[in-house]
1. Considering only protein heavy atoms, what per residue accessible area in square angstrom results for the range 332-427 with a 1.4 angstrom probe?
2. Which value, in nm² and rounded to one decimal, describes the direction-averaged projected area of the C-alpha convex hull of the range 443-552?
3. Could you tally the net charge around Thr198, taking each other residue with its Cβ under 11 Å from the Cβ of Thr198, Lys/Arg +1 and Asp/Glu -1?
4. All other residues with a Cβ under 11 Å from the Cβ of Val164 taken together, and with Lys, Arg as +1 and Asp, Glu as -1, what is their net charge?
5. Once phi is turned into θ = phi - 60°, what whole-Hz ³J(HN,Hα) does the Karplus curve with 6.51, -1.76 and 1.60 give for every residue of the range 404-418, x standing for Gly and Pro?
6. Starting from 0.36 nm per residue, how many nanometres of slack lie between Ser295 and Lys400 once their C-alpha separation is accounted for?
7. Per residue and in cubic angstrom, what volume does the convex hull of the Cα atoms of the range 332-427 have?
8. Could you check how much of the accessible area of the range 332-427 is carbon and sulfur, as a whole percent, using a 1.4 Å probe?
Amino acid sequence: LKMSWFWFYLPLHLLMAACLCHSIKAPTTTSQQSFQTDLFNFYHSLILADGKETTIHLLKDIPKRYYFVLEEGRALAPFTITVTPCDVPIEWSILVHKASAICFLPAGDHDTQEVSKSQKAPSMVSTIFNYKGNSVETYMGMSSHSALYMLEFLSSERDTHITVYLTTDTTSGHLYPELPMDPRIDVIGIGHTTVTLTWKHSPSVLGHGENIQYCLLVNVKHNYKSLCAAETAIRSSGMKLPPTLALSLSPYLLEPQQVMILSNSELSIINKVGSGEVRQICMGTKNTYTVPNLSPSTQYYFDVFVVNLLTNASAAYTGTFARTLEEPEPKVMELKDGKVIQIVLDRKKQKLYSLQYQARHKKIQFTFQLCRGQVRVHITKNGKTVASENISGLRYFSLKGKLLDTYLVQLRSTEESNSSVKVQVSPHFHKPLFPLLPESLKIKSFSKLRTCNSVTIAWLGTQEESKYCVYKKRIEEDQVWMELQSADRCSGPESRHKSEKVLCKYFYDINLQRAVTTETIKGLDAGTLYLFDVYLFGPSGIPVRYHSKVVKTRKKC
């Protein structure tokens, strides 16, 4: 490398900062090579912007260097450097490069002259700060116009990225929101499914509340020391995440694994990741918050970030954790022979019910009729499991044991919405409470037999003479899904309006192959949707509802 080429490409401000004199003669060859190497390394580093947060990507085991210099004419000035690791621990250092009284400037034919009192090496590099870890660290110091500062970053674990913020202006405010003197998060309340948190206000919120807000991160793995570390962890779970928590809460940015909830001026994003869900909740400037809908007996980690909405910069409070209380033992209800009870399983209040029965006969039969939703039944006898399954429609469990055996029935909803089920236990097999059921409870309609004012439907019967009642209801297109989902399969005709009743009829057939009946319902409107229901009544009078059928009459005939 020729000196003329080197000095031509060296940035002018770097050259001015590196020189303390106007010497024109070169030193010894060894000193010249050492100084040239030092400045060449500075030149091939990157200039760190003043007053701007810079994102730096690091490759494993490959150091990356940045430098900065003061503006000309500033003798001494304070500066701060904040480094935020966004994943694994890193090592970073600040090195200062101070020049001596010797300086090199180009001369004709590369000749130089010496005007120095010393023949010693022209420069000296020393390390003034070194840190290794994954915490957010800030260095504050005084800079001289006669020195170059180099920042060196190294990741030894894997490829990662960090953010670096340098500023020499301490009078125009802070990029990062300020933390209070005590940045801890206090847990002031713990319930079975809730945790209440509070924290001291950020001075930034008190001074510029319109541009600052608090955001809470909830997860079951560990605390995060920075917002970018949390976002990196969520991305590594296999999903995309918007750039910052403060500005990521736009519905069109959400991924399929994300659920957005907006209520009471609070915006929540729930990320469904493989290791569990990660919740992000931004609640404005409130510094007390109750986290709802947690799981009982589970340890959660809570991190609060104060976020500047204008710059996306954030500062992290000291995270905390808490374990929710164990789920209370459900109240045990006693079952009595032959008595039918209906249980409503509320996912929010009580999603598990326990029923107990002490046998007075060796053979007993449990009957379950699912009314709404999805329910799982678990039956134990003297502490040992004898049955466990999800039920649909009508389900019988015939069990054999000893007198005074204790049976425990546990019912659990498997849906987010409410579920309900009817339960009966009886030793009387010869007097069933519910009617004998056909192989299928589906209602069939015949498309070719549809007209503008009539519909023909069919359903299966049994070998037992029973009563069947047909009901119809006019509905709109946007009501179909709700009608089918919200239907209570345990409710009888008493819940229907009298005008919806079409007819009632008795029939049976000893030959199950012929136990089918049809009915043509007339007097309908053209091009209209109708919901049809069939109710089956047994000897006890308790009805069983067939699956509802939606049929549309022809628009033109």
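1. Details: 5010 Å² over 96 residues.
Value for the range 332-427: 52 Å² per residue.
2. Numbers: hull surface 28.3 nm².
Taking a quarter of the hull surface, the average projection is 7.1 nm².
3. Its environment carries a net charge of +2.
4. On the way: positive: Lys52, Lys64; negative: Glu53, Glu137.
Overall, the nearby charge balance is 0.
5. With coefficients 6.51, -1.76 and 1.60, one gets 6, 4, 9, 9, 10, 10, 10, 10, 10, 6, 10, 10, 5, 7, 5 Hz.
6. Values: separation 105, 0.36 × 105 = 37.80 nm, distance 3.71 nm.
Extra length from Ser295 to Lys400 when fully extended: 34.1 nm.
7. Values: hull volume 7.7 nm³, N = 96.
Enclosed volume per residue, from the Cα hull, is 80 Å³.
8. Numbers: 2300 of 5010 Å².
Accessible surface attributable to carbon and sulfur in the range 332-427 totals 46 percent.
The values are calculated or read from the model by the stated rules, or taken from the named source; none is laboratory data. All of these numbers come straight from a predicted model, not from anything done at the bench. Using ideal geometry, Cβ is built from the backbone for each residue, glycine included, and neighbour counts are taken over all protein chains shown. Note: areas computed on protein heavy atoms with side chains; ligands, DNA, RNA excluded. Shrake-Rupley method; radii C 1.70, N 1.55, O 1.52, S 1.80 Å.
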